[in-house]
1. Give me the extension gain from Glu63 to Lys116: residue separation times 0.36 nm, minus the current Cα-Cα distance, reported in nm with one decimal.
2. Of Lys64/Lys116; Lys90/Lys116; Lys121/Lys166, which sit over 20 Å apart, Cα to Cα?
3. If R₀ is 35 angstrom, what is the calculated FRET efficiency for the pair Glu32 and Ile12, using the beta carbon separation as r and rounding to 0.05?
4. Give me the one-decimal nm value for the distance between modelled label points at Lys166 and Glu71, 7 Å along each residue's Cα-to-Cβ direction.
5. Calculate, in nm to one decimal, what Leu44 and Ser152 gain on full extension: separation in residues at 0.36 nm each, minus their alpha carbon distance.
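Coordinate-derived values only; no laboratory data. Quick caveat: nothing in here was measured; it's all calculated off a predicted structure. Here the Cβ positions follow ideal geometry from the backbone for every residue, glycine too, while neighbour counts run over all protein chains shown.
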Amino acid sequence: MNLIKKVVIVFIMLGAISIIFLTWYSTEHSMEEAMPMEVNEITLQNHLLIATQGSKFKQAVVEKTIEQMKELPVYIKVIDVSQLASIDEKQWSAIIILHTWEYSASPAEVSVFIKKVTTNKLIILSTSERGGEKIDGVDAITAASRPDEIASSVEMIVERTRTILKI
């Protein structure tokens with residue numbers, strides 16, 4: 001076999017290995033869709049939207065946040081972040097967004113929504129393996145999606161939410 005054929009075979013093999021690796025990585029680390037839910041009556045004065053992605057860490061944070069907020073006079077709705085484009089921020093007293101960094105960026109839906117929101121009603125929890133990624137110009141809570149960071153993340157989210165809602 002001549003040198004050109006060997007080089008072509010090596011490039012084809014490297015390409016195949018890269019595709020397999022990227023497929024595995026995407027499957028292993030991509031977020032599931034979050035399950036929607038509602039807590040309390042929509043007739044309450046305060047409305048809290050929680051937009052999240054599906055992961056064990058984010059689900060735990062959402063559940064514990066709701067656990068602490070459900071006795072307060074606030075209607076709570078949970079949606080997947082993919083639904084943010086259909087949200088009118090004016091209908092919500094506060095908005096919590098939980099998202100992860102994938103391929104060194106926040107999900108497009110999150111970035112677009114954050115840019116169009118003009119008020120100080122956002123509470124954002126950004127997660128990544130390192131725990132320090134942030135969207136430029138946005139005050140966000142960061143975490144590394146580890147069980148030992150659930151309680152502190154919930155505490156910060158609830159504190160900021162109560163401040164925004166004045167409750």
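1. Length difference between fully extended and current span is 16.3 nm.
2. Lys64/Lys116
3. Values: r = 33 Å, r/R0 = 0.96.
With R0 = 35 Å, the Cβ-Cβ based efficiency is 0.55.
4. 2.4
5. Fully extending the segment from Leu44 to Ser152 adds 36.1 nm.
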